[in-house]
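Just below is one structure, and these are the notes that go with it.
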Amino acid sequence: MFSLTRPTVTEIENQIAAARDLLVDEPGFLSLPYGLRAGRLAYGFAHDHSRTLVGQGDDAFAAAKRAFERWAMFDLDWVSVSNPKALIVPGQMVAAEARTLGLWSLNLSRIADVLDTDDLFGFIYAATQMHVEQGEERFLLEFDTATGDVWYELEAVSCPRHTWLVWVYP
């Protein structure tokens with residue numbers, strides 16, 4: 001699960017192929033249009049939520065959708081999507097490589113639900129057994145037609161898959 005070296009293209013492809021038949025954690029904590037379903041989470045699970053104004057108008061919403069389709073929300077110093085040509089469709093495997101504390105990990109999730117309307121675009125993915133965490137993550141763009149505001153919502157319900165990971169869990 002962890003390595004001192006970045007995963008190679010072949011390793012990434014092999015891991016994605018191996019994960020296709022794995023069970024996926026789909027606890028149903030999150031609803032795509034509304035977010036958190038449960039008022040009380042299972043023991044050990046954390047709920048994280050942020051909502052950020054990213055622009056105004058139709059052009060901003062269209063640009064944000066294109067950014068989602070390029071997986072730009074993962075273009076961070078410590079994490080990126082290893083299969084950036086992956087489509088945002090139900091069942092699609094998403095491989096995120098992360099580097100934390102000098103170690104590389106490849107974390108595989110499967111898209112469980114997709115929403116694409118005139119004013120909402122997003123998806124929920126659920127961690128597979130080949131992910132350092134258990135749970136779900138929700139990525140949603142909202143175009144408020146009354147104000148023209150474009151919002152990006154990121155929400156996760158998760159916990160470390162292995163108890164020894166608790167000491168590095170954010």
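Look at (1) within 22 Å of residue 110 (Cβ to Cβ); (2) more than 14 Å from the chain's Cα centre (by Cα) and you find that residue 74 fails only one, number (2).
Apart from one condition, residue 43 fits all of (1) of a type outside the set (A, V, I, L, M); (2) within 18 Å of residue 159 (Cα to Cα); (3) in contact (Cβ under 8 Å) with a residue 40 or more places away in the chain; the exception is (3). For the range 115-164, filtering for residues that are among the β-branched types (Val, Ile, Thr), crowded, with 22+ Cβ neighbours inside 10 Å and farther than 20 Å from residue 38 by Cα leaves 2. Which residues, taken from the range 2-43, are of a type in the set (Ser, Thr, Tyr), surrounded by 11 or more Cβ atoms within 10 Å (Cβ to Cβ) and modelled with pLDDT under 90? Of everything in the range 2-43, just one residue is of a type in the set (Ser, Thr, Tyr), surrounded by 11 or more Cβ atoms within 10 Å (Cβ to Cβ) and modelled with pLDDT under 90, namely 3. Contact annotation: residue pairs with Cβ atoms under 6 Å, 6 or more positions apart or on different chains, pairing a residue in the range 1-18 that is part of a strand (DSSP E or B) with a partner that is of a type outside the set (Val, Ile, Thr), are 2/103; 2/105; 3/104. Number of residues in the range 56-78 that are under 17 Å from residue 97 (Cα atoms) and surrounded by fewer than 16 Cβ atoms within 10 Å (Cβ to Cβ) equals 7.
Within the range 110-123, not a single residue is among the small types (Gly, Ala, Ser) and not in a strand (DSSP E or B).
The values are calculated or read from the model by the stated rules, or taken from the named source; none is laboratory data. Everything quoted here is computed from the prediction, not taken from an experiment. Neighbour counts are summed over all protein chains in view; Cβ atoms, including those assigned to glycine, are modelled from backbone coordinates with ideal geometry.
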